[in-house]
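Step one of this worksheet: look at the structure below.
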Amino acid sequence: MGSAMSATPEVVAVIPARGGSKGLPGKNLAVINGRTLVARAVEACRRAHLVDRVIVTTDDEAIAFSATRAGAEIVTRPVDLSGDTASSESAVLHALASVDPRRTVEHVVLVQCTSPFIDSADIDAAIARARDDAAIGCVFSGVETHGFVWSDSAQEPAGMVGVNHDGATRSRRQDLAPEVLETGAFYVIRRDGLQNTGSRFSGRIETQMVSRLHAVDIDDADDLAICRALAPSVDPIGVAR
């Protein structure tokens with residue numbers, strides 16, 4: 001992890017990690033390869049050369065303990081920012097308010113604990129792109145997809161309709177125009193854009209393409225089981241010792 005002086009713009013990684021989880025209770029403390037999900041997110045950020053500080057914002061003491069052991073700073077999230085409807089942006093802005101105003105934070109990296117296989121090199125590449133062009137407001141992790149997407153039609157007759165294709169004239173999957181699927185793993189965001197809009201998306205938006213193996217996201221117990229099975233062969237961090 002890089003070191004920064006107060007006169008040099010810093011990059012701060014912020015990891016929101018609530019204690020509550022409806023789909024998978026205790027999700028952020030689930031263990032893969034000997035590390036909790038929150039610890040894995042912290043380690044991925046700390047291994048990134050262009051990240052200067054790592055902050056975990058949480059309302060849970062056990063999560064705070066695990067994150068501290070992994071090397072993160074802790075910001076205690078207030079109750080009004082800890083419910084199911086609270087946005088990640090609100091938690092990030094609250095965490096940034098704790099940063100010494102004498103330090104200049106130009107970019108913030110929003111990192112999700114639910115992506116256990118984040119490669120630090122991808123974070124660095126996204127930060128470098130955002131720094132190189134002031135017009136870029138956000139660089140998010142993505143994977144290319146050629147899938148046929150369908151949606152339940154609100155029109156009559158009711159039924160499924162093609163979103164990115166015409167079901168009546170079937171194309172080959174490889175002939176579809178490539179689209180980008182947002183993985184949710186990380187977002188490199190200009191701080192001023194976030195503060196001005198309240199959204200992670202502002203300015204020009206670009207994608208940092210990542211390996212599909214590193215893009216797995218955990219929403220439920222099945223996803224967790226898949227990640228535990230994949231970990232021995234795809235884990236960019238390795239087994240805790």
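The values are calculated or read from the model by the stated rules, or taken from the named source; none is laboratory data. What you see is a predicted model, and the numbers here were worked out from it, not measured in a lab. Cβ coordinates were reconstructed from backbone atoms using ideal geometry, including for glycine residues, and neighbour counts include every protein chain displayed. All accessible areas refer to the heavy atoms of the entire protein, side chains included, with ligands and DNA or RNA removed. Shrake-Rupley method; radii C 1.70, N 1.55, O 1.52, S 1.80 Å.
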Evaluation of I205 against (1) at pLDDT 95 or above; (2) open to solvent by 40 Å² or more (accessible area, probe 1.4 Å); (3) farther than 26 Å from A97 by Cβ (one fails), failing number: (3)
Those strands (runs of 3 or more DSSP E) lying entirely in segment 68-151 with at least 3 residues surrounded by fewer than 19 Cβ atoms within 10 Å (Cβ to Cβ) and over 13 Å from the mean Cα position of the chain (by Cα): 73-76, 136-145
Selection count, segment 22-34, where residues are on the phi < 0 side of the Ramachandran plot and either within 14 Å of the chain's Cα centre (by Cα) or open to solvent by 30 Å² or more (accessible area, probe 1.4 Å) (or both): 7
Of all residues making up segment 26-58, the number that are touching a Cys at 6+ places or on another chain (Cβ under 7 Å), over 17 Å from A221 (Cα atoms) and either β-branched (V, I, T) or assigned to a strand (DSSP E or B) (or both): 2
Residue within segment 76-88 that is closer than 18 Å to T197 by Cα and touching a strand residue (DSSP E or B) at 6+ places or on another chain (Cβ under 7 Å) present: yes
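This table checks each residue for (1) under 24 Å from T183 (Cα atoms); (2) among the basic types (K, R).
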| residue | (1), (2) |
| --- | --- |
| A13 | yes, no |
| P16 | yes, no |
| L37 | yes, no |
| R53 | yes, yes |
| T57 | yes, no |
| R69 | no, yes |
| T76 | no, no |
| A97 | no, no |
| D119 | yes, no |
Hits in segment 152-197 (condition: in contact with a Ser or Thr (Cβ under 8 Å, 6 or more places away or on another chain) and either among the acidic types (D, E) or in a helix (DSSP H, G or I) (or both)): E179, E182, G193, L194, N196
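What residue, among those in segment 176-202 that are crowded, with 22+ Cβ neighbours inside 10 Å and of a type in the set (V, I, T), is farthest from V108 (Cα to Cα)?
Checked segment 176-202; the qualifying residue farthest from V108 (Cα to Cα) is T183.
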Test for V38: is it touching a Ser or Thr at 6+ places or on another chain (Cβ under 6 Å) and under 23 Å from A121 (Cα atoms): yes
Boolean, R200 is among the basic types (K, R), at negative phi and part of a loop (DSSP other than H, G, I, E, B): yes
Where a residue in segment 158-172 is under 20 Å from T145 (Cα atoms) and at pLDDT 75 or above and its partner, wherever it lies, is assigned to a loop (DSSP other than H, G, I, E, B) and open to solvent by 60 Å² or more (accessible area, probe 1.4 Å), with Cβ under 8 Å and at least six apart: V161/Q155; G162/V149; V163/V149; N164/V149; N164/A177; H165/V149
First in segment 90-111 and closer than 13 Å to E10 by Cβ, second anywhere and in a loop (DSSP other than H, G, I, E, B), Cβ under 6 Å, 6 or more apart: R102/S6; R103/S6; T104/P9; V105/V99; E106/P9
